[in-house]
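Values in this text are rule-based calculations from the coordinates and carry no lab data. Not measured: the values here are computed from a predicted model. When we count neighbours, we look across all protein chains shown, and the Cβ atoms used for this are built from the backbone with ideal geometry, even at glycine.
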Amino acid sequence: MEFTEKKQKQLEYLQDAIINGQNKDKFLVIDTEAGLGKSLETEKTLALLYMQNPKIKSIFVQKFKNTDKNFSHKRINKLAGKEIAIAIDASNYKEHKKKLKNFNVLIITHEKYKVLSKDKKQRKIFSEDRSILIIDEMIDMLEVYLYNKLRFAWFEDCLPRELRPIYNECINELENFLVTNKGKSFFNSKNKDTGKMIKEFKKLIQVNITPEYAKTYRNEISENKTPMKKSDFLNEVHILEQFYKHTSVVDNQNAYTYDSDIQYWMLNNNIILDANGGFQYLYKISDIFEVRRQAKIVDHRNWTLHIADINTTKSKKLKAINFYDQIRKHIEGILKPEDKLFICGSKDDEQYIKIEHKNISINHFLNVIGKNDWKDFNKAYLIHTPNIPFHVFVLRYLYYSKKKMDNRSNWNLVKNGRVMIFKNKDFNKVRIAYLVSELYQTVKRINRNNEYKADVYILNNDSIVIEMLKKQMKNVKSREFDLDIEYKKAPKQNPVEKENYVDKFIQTLKIIPFGKYKKKYLREKIGCENKSYYSNKVLNHMSVKKYMKDNNILSIGQSIIKNA
């Protein structure tokens, strides 16, 4: 069977799944390869469905941020010959709220889908009389929350004095666990009464916190430290409640959990379009997905993956002396005048790549999936490992598997060669699938019609991830190359010099004005080059902690906040 016939057969399968599918209690995951036109075929099918039966209505969930960047509804309307589809985001919801029922196809963002998961009243407005739900690409359903002693202290300080005792009772079990915990573990509440107590606490917040009272405090957890609203107080209780509902992940004195109120919701026929479906481990450990594997039919014999065994994590790149110079020289050596090159890295990488060439486009991971901006490019260069924090991989496993983990197990890390991995095989499968997914989707942004000779250069030192990536691309060729990257050597510091950093840090806190400061900025200000020592020995020193507590100075995330 020729490629065209195989492609047509797969797209016909997708069309039939949309029109005739019976997937009421599960999502049917269709893993048709990237670049075969799943999204366009879906648009054609939704237009066809309207012409066959105007009573059948649907929701199409896509990875876009605002309607200005979404043209799917325009293509559907053109195919249907009538305005049957509309794209909805936060900016135009109020305007079209009462008219939603007039459209056969509602196109919403991934974020809106998550909002509707928690807001059942609003979900009814969107889903009423609709039977088909199609999700394009897996949605990141995880809302990660952090709790630690600093957060306890901050929120307690925000509360009226009469509410503090019950708050302390609510946090007691978690707080005690964090005080005694060492290393990477799991927290599960053993006190059945705490949940009831938190509900009572929420009622007291509702009654006692007025909007006027709330705005006298600033939300130190938020990016901009905006004045608080009553909803911020209620949300803080909601976040605390999540730590008592299911297993939380603990790293020393920091606890992390997810929002279990955010769950996948369904209609009568539920479909996910995901080229990563065949290797996405999260689908396998959940009981609400059924992956329908499609054969790999795209012939990648005109593609070559050029692999450099180089660590491109953010921390490693910071230690490199000539990382960007070496990339620039290599690109200048491989680039021909007619080439079109797509470079993908981190947000930070974008500012350091300066190459004179009319056909170079630079972007970053997490901002490219679903975009066709580089469809006629013939070269790609990936200069970053798109990691996420390790505790998030564990939370993903817990969210999708619904399993409870106790402290007979842990989520410790070990080195596999030069790569940090989990000891736990399940957690590691989640990590690998995530990285392969990001790399594969990024690689497939170029040469979408498979009409060019494509060269993809990848800087990555995780051989397991690279091997799985190759398996997604039938007949792809692979070669190795290298760059002469040099790294800084950490200067040796004697104990006396190190001890002085504690005094320097306290003195710096004394003289800086009130405000929010990056920990990195303060480290550089005291001249401490050893990041590990700064984090573990300076910021955690008893003298520093005491000074900060006595002077209402908070350490939240990557920032130090000096309050008036």
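Things worth noting here:
- Label-point separation, Asp25 to Tyr213 (7 Å along Cα→Cβ), nm: 4.7
- Simple rule: put +1 on each Lys or Arg Cβ and -1 on each Asp or Glu Cβ in the chain, find the dipole, and look at Met468, Trp265, Cys158; the Cα lying farthest toward the positive end is Cys158.
- Candidate aspartates and glutamates for bridging to Lys504, where Cα separation is under 16 Å - those fewer than 8 sequence places away on the same chain excluded: Glu524, Glu529
- Within the same chain, aspartates and glutamates fewer than 8 places from Lys510 are excluded, and of the rest, those with a Cα less than 15 Å from its Cα are Asp550.
- Comparing Cα centroids, region 471-489 and region 77-116 end up 43 angstrom apart.
- Over the residues of the chain, the helix contribution to mean residue ellipticity at 222 nm works out to -12000 deg cm²/dmol, using -39500 (n - 2.57) for each DSSP H run of at least 4.
- Trypsin sites (Lys or Arg not before Pro) restricted to DSSP loop in region 423-496 with at most 14 other C-beta within 10 Å: Lys423, Lys453, Lys488, Lys489, Lys492
- Exposed loop sites, defined as GluC sites (Glu not before Pro) outside DSSP H, G, I, E and B with at most 12 other Cβ atoms within 10 Å, are absent from the longest region of the chain, namely 3-127.
- Straight-line cross-link reach from Lys531 at under 20 Å between alpha-carbon atoms covers these aspartates and glutamates, not counting any fewer than eight positions away in the same chain: Asp251, Asp348, Glu486, Glu497, Glu499, Asp503.
- Computed extension gain for Lys488 through Thr226, at 0.36 nm per residue and net of the alpha carbon distance, reaches 90.3 nm.
- For region 433-564, the Cα gyration tensor yields ellipsoid semi-axes of 47, 19, 13 Å (square root of five times each eigenvalue, largest first, whole Å).
- Its Cα centre serving as origin, the chain has a Cβ charge dipole (Lys and Arg +1, Asp and Glu -1) of approximately 580 debye.
- Environment charge of Ile327, counting only residues whose C-beta is closer than 11 Å and scoring Lys/Arg +1, Asp/Glu -1: +1
- Put simply, the chain fits an ellipsoid with semi-axes of 42, 34, 22 Å; these come from the alpha carbon gyration tensor as the roots of five times its eigenvalues, largest first.
- Nitroxide proxy distance, nm - points 7 Å out along Cα→Cβ at Asn407 and Phe514: 4.0
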